[in-house]
Structures are given as structure tokens and as C-alpha cells.
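Right, one structure below, let's go through it.
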Amino acid sequence: MPEIVSTLGFGFLAGYAALNTLVRTSSAVSCEAQSVRDVARTVVSYGESSESLFGDKNTVLSQLWAMFDECSEPDWDACGAEPLSGVAAGAAAVFIRALPSGVPMPELAPEPNGSISLDWIQSRHRMFSLSIASTNRLAYAWMDGTDKGHAVARFDGTKIPTRILEGIQSITDHGDTRVRAA
Amino acid sequence: METLESGLPDHVADDEDLARFLIQSNQFSIQAVKPAAFMPNPKDRETSVSRQHREPSDALWAIGLKAAGGRTLYGATFVKAQEVRNAGLEVTAAEPPPCHAVITGWPWPEDLDMQRAQQKEFAIELASAAGKPILR
């Protein structure tokens, strides 16, 4: 199965991290090396200024990486859970970045199979939960009063599948008893 | 009906409380437990719970700390056995350790993505039934 999300997500983040390292640690002195470093600094600077424009996303991404650190060893739940997948974490980051403005940010949770759960919990009876693993297919389920269901949708790494966006919005667009993690 | 080493009957009655201990800080918020907290372990295809009442809390946390095995125990969330069965799953006693039980009957289709989707629908039902967690 093609790993579109894996490539976009983990590859992008690994590349960004490498650029950061280059900018912050390189001691190269040649003209060519200096040019590479200047370009890298520009890219990193652009990325950081973009992040400052999207504070909510930045906050959730920080939570994602903190959770990944906490659950990167087997048995993090004392019940034999698998470690969170780095590919899944990268894909979750790509998904969060792709969320259109105006869509509430999800809460995050680790799953025992190494996947990342993104949850929109409006109340006890209104929630939308999405599972991101190391494939380009997103598993999701919802409860909206007595209506419930589940499905799988393909994610190309750029555009959130319409069915998923509609599902999130139908849960979050109305209701006054919003329940969100601190 | 047989009695287990803990003194509990071997059949989990519908009106029994089942505690799911919260050992990872992202499994809950102050007001809700997240569906992922109930997802089954892929190795044994079960979700571990303890046949515990909310009170006395000392006894609850003593068992929870043993279950946590040195990890941080943040709290517990509760569902009734009947709510598990109403969702289409089953709960059976599984001692030792004392009071241990397992939620079984999770769907395991070969398509791994569909597997997660189907299990998540059940997990949402359990999270909905559980409501607010009790935090230490």
C-alpha cells in the first residue's frame, strides 16, 4: 500500500528537524556551506513565523510530540500497548496542519495499537474520533445522540477528506455543552 | 455459581461497576474520558478492567497502583457491566490478579483500518457511558 501520508508527514518533519540542526549547529566556513546554511535559516525562519500565525495548531503539535515521547516505549499503558508509531505521529502532524481555519483543534490520545487518536468531544453523547496509523487511510467513528457509525477514508496528505470535515463540523457546530481537555 | 479467589462470583453481574484505570495523561480530560482509553490491546484483543466500586477509594487506588506497575496512576473511569453488554461487547472475570476482568468481543476484521474504525465505534459507546473520570 502506498505510504503517501508517511512520506509527506514523517519525511517533511524529519527534513525540517534536519534543517533546524543545520542552522543551529553548523560551523562550516566555505562559501558554499555558508550559502546552504543561509537558505536553511530562511526556510526555518519561514516555518517558525508560519507557526506563530497558527498558535492553536502549534499548541496541539507540541502536545502531539510530548505524547509521542511519553508513549514511544512498549507497554506505556501497563497493559502491553505497542509504542506509538513515529510514522503515525508524523501523519497526525500533517493532518493537523491541513485542518482548515475555523475547525476546532482536536484533543489527542494514544491508542494501544500504536495509532494516534484525534478526538472532538462536544458532550457525552456527541463525539467524533479519528485514528491515524502508518497508512494513508484514516479510521473514524462518531456518536451524535442516537446516531452512530464508523468509516475509513483516504487522506492524500493535503486536503482533509470531505466526509471527515463534515463529520467534525456536524459534531462541533452546535451544542452548548462543549467538553474540551485543558 | 463458583466463587473466585477474590471472593467475587465468577459471573460478572450486569449491575457491577467496572473500573478502567487511567495511566496515561492523554486518555482523559477533567470532564470526559476519551474513547482511546477503552480500545483493546492488540495482543490479547481485550480491554482490562477491575471489578471495583468507586468507594472506598483507598481500596480502588491500591488495586490501581498495582495495575499501573510503577507508572503514574491518574485516576479511573467506570462503566457498568450492563453498559458493556448493551454496546454489544462482553465482560468476563479473568483472575488473577484479584478482581480482574476483561472486555471481549471486539471486532477484528482483516482490514486493519476498518478494524480500528469498528473498534472505535464501540470505544465511543463505552466512553459515552463512562462520563467523567474520577481523578486521584
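The values are calculated or read from the model by the stated rules, or taken from the named source; none is laboratory data. All values derive from a computational prediction rather than experimental measurement. Note that each Cβ is placed from the backbone with ideal geometry, even for glycine, and that neighbours are counted across all protein chains shown.
For this structure, a couple of remarks:
- Of B:R54, B:R116, B:R85, all but one fail to be at pLDDT 95 or above, away from chain A (no Cβ under 14 Å) and either surrounded by 22 or more Cβ atoms within 10 Å (Cβ to Cβ) or farther than 24 Å from A:P74 by Cα (or both); the exception is B:R85.
- Residues within segment B:28-51 that are surrounded by 24 or more Cβ atoms within 10 Å (Cβ to Cβ), touching a Gly at 6+ places or on another chain (Cβ under 9 Å) and closer than 23 Å to B:P107 by Cα, tallied: 1
- Matching residues, segment A:133-156, being more than 8 Å from chain B (Cβ to nearest Cβ), buried (at least 18 other Cβ atoms within 10 Å of the Cβ) and either under 15 Å from A:A98 (Cα atoms) or modelled with pLDDT of 95 or more (or both): A:N136, A:A153, A:F155
- Any hit, segment B:7-15, residues being within 14 Å of chain A (Cβ to nearest Cβ), surrounded by 15 or more Cβ atoms within 10 Å (Cβ to Cβ) and either within 15 Å of the chain's Cα centre (by Cα) or modelled with pLDDT under 95 (or both): no
- Set B:A67, B:A62, B:A76: member being more than 14 Å from the chain's Cα centre (by Cα) and over 21 Å from B:H11 (Cα atoms): B:A62
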